[in-house]
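Undergrad: This is the structure I have questions about; it appears just below.
Nothing in this text is a laboratory measurement; each read-out follows from the coordinates by a stated rule. In this text, all values refer to a predicted model and were calculated from it rather than measured experimentally. Cβ coordinates were reconstructed from backbone atoms using ideal geometry, including for glycine residues, and neighbour counts include every protein chain displayed.
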């Protein structure tokens, strides 16, 4: 056991982050000490402190990494959806969110938990993050006359997020199968239900 073979000089930070995720997979929680993490990564017990002041800071780094990867996936989804169909762009963001959760379940579980006790980034306030992309896409849809104008765009975005986050959570926890066909079908159903209520 351990990730000794994956550690190379100069890549300590990455080795520690990977070891933390590996321990989460094994234990189902982030209930471990930095000393245990160092042992898992194959480094001295003081080595983690070269990059992280404590365990909370390490978990915050993993969380931030998750936010970044999700935002990147959402930006790629918007590019693939193209600029013309505003509804398709919103649907593409929802599908990207669910796919990210299924593909990165450990980052996904950590992203809504703030190990810094309120001092870490909040998903709905992250500049350039997934929620900002969603809100911007809904503003485009509103400008095109596709989305209703009697509610703040942020509230509509929160409703959309709640729908896809619910589906993503069910799939990550294996309450709903996450195979490709069902994922696409469930996202289409959410898209139809969301726009039935959000349409202008």
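Undergrad: Round to the nearest 0.05 the FRET efficiency obtained for residue 55 and residue 154 when R0 = 30 Å and r is the Cβ-Cβ distance. Walk me through the intermediate numbers first.
TA: Numbers: r = 33 Å, r/R0 = 1.11.
Efficiency, rounded to the nearest 0.05: 0.35.
Undergrad: Choose one answer from 80, 132, 61: the residue with the largest mean-square fluctuation in a GNM of the chain with alpha-carbon springs under 10 Å.
TA: 80
Undergrad: To continue, here is another question. In Å, what is the Rg of the alpha-carbon atoms in the chain, and how long is Dmax?
TA: Calculated on Cα positions, Rg and Dmax stand at 19.1, 60 Å.
Undergrad: Against the longest alpha carbon principal axis of the chain, how many degrees, from 0 to 90 and to the nearest 10, is the axis of helix 12-27 turned?
TA: 80 degrees
Undergrad: Counting other C-beta atoms within 10 Å, which of 199, 29 has the fewest, and how do the rest follow?
TA: Numbers: 199 12, 29 9.
If I rank by nearby Cβ atoms, fewest first, I get 29, 199.
Undergrad: Among 104, 175, 165, determine the one that fluctuates most according to a GNM of the chain built with springs between C-alpha atoms less than 10 Å apart.
TA: Among 104, 175, 165, the largest mean-square fluctuation in the Gaussian network model of the chain belongs to 175.
Undergrad: Then there's this: Multiplying the sequence separation of residue 170 and residue 45 by 0.36 nm and subtracting their Cα-Cα distance, what value in nm do you get?
TA: Working: separation 125, 0.36 × 125 = 45.00 nm, distance 3.74 nm.
This chain segment gains 41.3 nm when fully extended.
Undergrad: Next up: Report the label-to-label distance for residue 14 and residue 112 in nanometres (one decimal), using points 7 Å from each Cα along the Cα→Cβ vector.
TA: Here the answer is 3.1 nm between the modelled labels.
Undergrad: Next question, about the same structure. Quickly rank 64-73, 43-52 as a protection proxy: mean count of other C-beta atoms within 10 Å, highest first. Provide the component values of the computation, followed by the final result.
TA: Values: 64-73: 18.1, 43-52: 15.5.
Those peptides, ordered most packed to least, come out 64-73, 43-52.
Undergrad: Compute the length gained on full extension between residue 181 and residue 31: take 0.36 nm times their separation in residues and subtract their Cα-Cα distance, giving the result in nm to one decimal. Each step should come with its number before you reach the end.
TA: Working: separation 150, 0.36 × 150 = 54.00 nm, distance 3.52 nm.
The residue 181-residue 31 span can extend by a further 50.5 nm.
Undergrad: What is the angle, in °, between the Cα long axis of helix 86-103 and the longest principal axis of the Cα atoms in the chain? Nearest 10 is fine, range 0 to 90.
TA: That works out to roughly 20 degrees.
Undergrad: Counting only helical runs of four or more DSSP H residues, what would the 222 nm mean residue ellipticity of the chain come to if each run contributes -39,500 (n - 2.57) and the total is spread over all its residues?
TA: Calculated at 222 nm, the ellipticity per residue is -21500 deg cm²/dmol.
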